[in-house]
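This report concerns only the one structure given below.
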Amino acid sequence: MFHKIISRKDFADLIKDNMTIMIGGFLGCGTPETLVDVILEKGSKNLTIICNDTSFTDKGLGRLIAAKQVARVITSHIGTNAETGKQMVDGTLKVDLVPQGTLVERIRCAGAGLGGVLTPTGVGTMVEEGKQKLTVEGIDYLLELPLRAELALIGGSIVDKAGNVVYNGTTRNFNPIMAMAADVVVVEAQKLVEIGEIQPELVMTPSPLVTHIFAPAKS
Amino acid sequence: MFHKIISRKDFADLIKDNMTIMIGGFLGCGTPETLVDVILEKGSKNLTIICNDTSFTDKGLGRLIAAKQVARVITSHIGTNAETGKQMVDGTLKVDLVPQGTLVERIRCAGAGLGGVLTPTGVGTMVEEGKQKLTVEGIDYLLELPLRAELALIGGSIVDKAGNVVYNGTTRNFNPIMAMAADVVVVEAQKLVEIGEIQPELVMTPSPLVTHIFAPAKS
Amino acid sequence: MIEDVNLAKTIIARRIAREFKNNQLVNLGIGLPTLIANHIPEGINVIFQSENGIIGMGPAPLPGKENPDVTNAGGALVTALPYGCYFDTAMSFALIRGKHVEYTVLGALEVDQEGSLASWIIPGKKVPGMGGAMDLVVGAKNVIVSTLHTERGKPKILKKCALPLTARHVVNMIVSELAVFRVTPGGLALIEINKDSSVDEIRANTDADFIVSENLKTMEV
Amino acid sequence: MIEDVNLAKTIIARRIAREFKNNQLVNLGIGLPTLIANHIPEGINVIFQSENGIIGMGPAPLPGKENPDVTNAGGALVTALPYGCYFDTAMSFALIRGKHVEYTVLGALEVDQEGSLASWIIPGKKVPGMGGAMDLVVGAKNVIVSTLHTERGKPKILKKCALPLTARHVVNMIVSELAVFRVTPGGLALIEINKDSSVDEIRANTDADFIVSENLKTMEV
């Protein structure tokens, strides 16, 4: 009934130079490592990556930066990846720093068909620059706009063959929000199960949001 | 460690005339019926109720309207409760109709510390009236503002003694969103369990949001 | 005209049911649209969403299998299919407004040649409220209005809605028991016609301008 | 001055740990604030949130009990207590911005007498990014800056931050190894002092104006 499982090669074919890609995870926890492996192997260039943080040079999506495949990153924190700072100073990597709560709301707006949100975060700081400021009931807010991607790469703990996803522990983080805000959504399944094996209340990303499921071969 | 369980009388003491109360549920499904019973018994007047719909005259929060305890209702649908329409025409009940998706986002804004959201819903209709309109990238949006309450009444399916809540099936609806947007949050527990009995991934309302737990005596 | 209202509704439901492709996410409104679920062609899996918080909605429960915690947006008891899941209203309308729902099908008091519709208020008479309808028609990728062609002899498809709107310029397709119209940038196009009707009959019962498609087909139901 | 940095940090952690009441929700930043969890007085249950998506965070796992799927905002492996739960980043920052977190404790590069702080960028030198800090200090009900009183002999508590701000006018309390200040509408108030320090020593090492509370107390640690 559902035919969502793709091969490593099929996934590689989806990746193009200059693509805008969201990648889930928080300092690597919840990041789909094998999907990142495939992009490293393919060597696609000039990527724009949207992510919570740039992880470490040898873990998660941080490896794409170390491999100089990224032209721009939209993120909240780069302090754990020395390459990000270095390439930013060298001028080879553009870094847009966004407060974490604002970043997730901007992605949510794109996924939820909202035109923007008003947040108090960043008022009176450099984050204000170039943004519309609105005052509601005497409080100043920044208008923050939606953020979308062509592709979202999601790290799922338990995935059924329809595409329903459960995230264990703190691997959830940005994953279910990003799964709503991209044209194509690929989930790497840590554990692939049959339809009906996931309690319907426990589903965190409903199956229609998932375009493709990638289940790495067990080593 | 946690002392959140309250008696029927303690809950009754929380209810005051003229209060603004959010009540979860969708046509009664997920509504904390016993908490509504207590408000009916107490007979508090001039309440403002925020809810998805006004249910039926003999079910859920619809009973409060039938009992003429409500002065104002902020809701998306009143078609299933003849009393709501009648009292609106008589001028004894003020009805603010809000699109369902806008209603839930306004409540979410209040709970999430956001100053408002831009939604395309309602543009070019009566819903526009009195609202600020913003154009972002050529698309018109309405700026919708936060909606808070003094009290939120939540229908929980499984509640542990710390206050973590699980909602079964479609009882979830507005419940977890309202649980973030009120000064005091009371959950009616269909089933009360010990701490540790709920899988931490399955929690839908984290315990710190819950002020009081009411567990009706089994009949 | 088709005098038998139940037959008319079945024709509409069967025609709309043919519109969906495999694994598309569809939201059916209360009333007539609900009937569509009974007429999905064999071999096609349609995934039903209901805005109260369920994807993978199945048929009404068998006697003795009712679960009061599993309802649809009309408050009726339903079931969840094995691939189904539940979520809160914020997520439900994120899916709806965020263009994740392929089709929404709903009734209307009036629908017009500009693709606007009215469905939530008759001022001074009846005010049910908009519920989720305003979000659904703004957010779904495709909006189908399902409607009897006339009500008490009066056309439902108009040049311009007179009642307060649910939304402006959002309807993609109108399906009645007599005809199927597409709303195009140039106006209404009649693209299908009931085998027992005629363009003249449709003109006589439609209060809107429309062109007749060069490709006019018989409604398959 | 207290020359032993580890002792200084312990004093700060122990003092802040006394601030919390039973069952309050608290977010501790990376670094010095993390130490506070080890010094909560007996009989007080503090509920720890970490912005990566956990409430009810417990201590580091015992050897052999590590779960790579349970981390804190610094990426370290942690545990969940029996009343704990997990959620996504949108929910996490809804809790933070929505005033559901009672205390956030974080370090700063600079903090000033107006309650502004700088913690995320030294232009041209070091740009870690703000992470969740801007949301935390704007959203938490109470903001405590935990900081060594000086760094390389230079005061950290200033009249006005020179570095780009994390937020303006949000800090409620500043705790160093020498002193506790409250930020009041009238400016900084010195409310507690280390038993081995003096008001003169604090004046000499603080680059901000402050009044000495009539109620000046000895820091209990």
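Of note:
- Filter result (part of a strand (DSSP E or B) and under 17 Å from the mean Cα position of the chain (by Cα)) within region D:171-187: D:M173, D:I174, D:V175, D:A179, D:V180, D:F181, D:R182, D:V183
- Residue list for region C:12-54, restricted to those being small (G, A, S) and more than 15 Å from the chain's Cα centre (by Cα): C:G43, C:G53
- Among the residues of region A:202-218, those that are more than 7 Å from every other protein chain (Cβ to nearest Cβ) and out of contact with any Gly (no Cβ under 7 Å at 6 or more places or on another chain) comprise A:M204, A:T205, A:T211, A:H212, A:F214, A:A215, A:P216, A:A217, A:K218.
- Of the residues making up region C:35-58, those that are touching a strand residue (DSSP E or B) at 6+ places or on another chain (Cβ under 6 Å) and not β-branched (V, I, T) are C:F48, C:Q49, C:S50, C:N52, C:G53, C:G56, C:M57, C:G58.
- Matching entry among C:G64, C:G84, C:G56, C:G75 (being more than 29 Å from C:H169 (Cβ to Cβ), out of contact with any helix residue (DSSP H, G or I) (no Cβ under 6 Å at 6 or more places or on another chain), within 14 Å of chain A (Cβ to nearest Cβ) and free of Cβ contacts under 8 Å to residues at least 60 places away in the same chain): C:G56
- Test set (1) of a type in the set (S, T, N, Q); (2) in contact with a Phe, Trp or Tyr (Cβ under 8 Å, 6 or more places away or on another chain); (3) over 26 Å from B:M126 (Cβ atoms) - C:N142 fails condition number: (3)
- The lone criterion from (1) of a type outside the set (K, R); (2) touching a helix residue (DSSP H, G or I) at 6+ places or on another chain (Cβ under 8 Å); (3) within 30 Å of D:M91 (Cα to Cα) left unmet by D:N142 is number (2).
- Complete set of residues in region D:175-206 that are crowded, with 17+ Cβ neighbours inside 10 Å and over 20 Å from D:D4 (Cα atoms): D:F181, D:R182, D:V183, D:L188, D:A189, D:L190, D:I191, D:E192
- Of all residues in region B:85-98 being touching a residue at least 12 places away in the same chain (Cβ under 8 Å) and within 9 Å of another protein chain (Cβ to nearest Cβ), the one that is surrounded by the most Cβ atoms within 10 Å (Cβ to Cβ): B:V98
- Test for D:K160: is it touching a His at 6+ places or on another chain (Cβ under 9 Å) and without any contact (Cβ under 8 Å) to a residue 60 or more places away in the chain: no
- Residue satisfying condition, being within 14 Å of chain D (Cβ to nearest Cβ) and touching a Phe, Trp or Tyr at 6+ places or on another chain (Cβ under 6 Å), within set B:G115, B:G101: B:G115
- Extreme residue, surrounded by the fewest Cβ atoms within 10 Å (Cβ to Cβ), among residues of region A:166-194 that are away from chain D (no Cβ under 14 Å) and either modelled with pLDDT under 95 or more than 14 Å from A:I5 (Cα to Cα) (or both): A:D183
- Among the residues of region C:110-123, those that are in a loop (DSSP other than H, G, I, E, B) and at the interface with another protein chain (Cβ under 10 Å from one of its Cβ atoms) comprise C:S116, C:W120, C:I121, C:P123.
- When A:E129 is tested against the conditions (1) facing another protein chain (nearest Cβ under 8 Å); (2) under 18 Å from D:P164 (Cβ atoms); (3) surrounded by fewer than 20 Cβ atoms within 10 Å (Cβ to Cβ), the lone failure is (1).
- Taking the conditions (1) surrounded by fewer than 20 Cβ atoms within 10 Å (Cβ to Cβ); (2) more than 14 Å from chain C (Cβ to nearest Cβ); (3) not β-branched (V, I, T) in turn, A:Q199 satisfies each one other than (2).
- Taking the criterion of being outside any strand (DSSP E or B), of a type in the set (A, V, I, L, M, F, W, C) and surrounded by fewer than 24 Cβ atoms within 10 Å (Cβ to Cβ), the residues of region D:139-164 that qualify are D:L148, D:C161, D:A162, D:L163.
- Residues satisfying the stated conditions in region A:79-96, i.e. touching a Ser or Thr at 6+ places or on another chain (Cβ under 8 Å), closer than 11 Å to D:P128 by Cα and not hydrophobic (A, V, I, L, M, F, W, C): A:T80, A:N81, A:T84
- Subset of region B:1-24 [in a loop (DSSP other than H, G, I, E, B), at pLDDT 95 or above and surrounded by fewer than 24 Cβ atoms within 10 Å (Cβ to Cβ)]: B:K4, B:I6, B:S7, B:I15, B:K16, B:D17, B:N18, B:M19
- On inspection, D:L136 fails the criterion of being within 21 Å of the chain's Cα centre (by Cα), outside any loop (DSSP other than H, G, I, E, B), closer than 17 Å to B:V203 by Cα and at pLDDT 95 or above.
- Residue count for region B:145-165 satisfying the condition of being within 13 Å of chain C (Cβ to nearest Cβ), crowded, with 24+ Cβ neighbours inside 10 Å and among the hydrophobic types (A, V, I, L, M, F, W, C): 2.
- Residue, surrounded by the fewest Cβ atoms within 10 Å (Cβ to Cβ), within region A:25-77, restricted to residues that are within 11 Å of chain D (Cβ to nearest Cβ), touching a Gly at 6+ places or on another chain (Cβ under 6 Å) and in contact (Cβ under 8 Å) with a residue 40 or more places away in the chain: A:L27
- When A:L40, A:L27, A:L47 are checked against the criterion of being under 27 Å from A:N168 (Cα atoms), in contact with a helix residue (DSSP H, G or I) (Cβ under 8 Å, 6 or more places away or on another chain) and at pLDDT 95 or above, a single residue qualifies: A:L40.
- In this structure, D:Y103 qualifies as more than 7 Å from chain A (Cβ to nearest Cβ) and either in contact with a helix residue (DSSP H, G or I) (Cβ under 6 Å, 6 or more places away or on another chain) or closer than 25 Å to D:N45 by Cβ (or both).
- Contact map, region C:124-138: first residue facing chain B (nearest Cβ under 7 Å), second residue surrounded by fewer than 24 Cβ atoms within 10 Å (Cβ to Cβ) and acidic (D, E), Cβ cut-off under 9 Å, separation 6 or more or different chains; the map is empty.
The values are calculated or read from the model by the stated rules, or taken from the named source; none is laboratory data. Since the structure is predicted, the reported quantities are computational estimates derived from the model, not experimental observations. Neighbour counts are summed over all protein chains in view; Cβ atoms, including those assigned to glycine, are modelled from backbone coordinates with ideal geometry.
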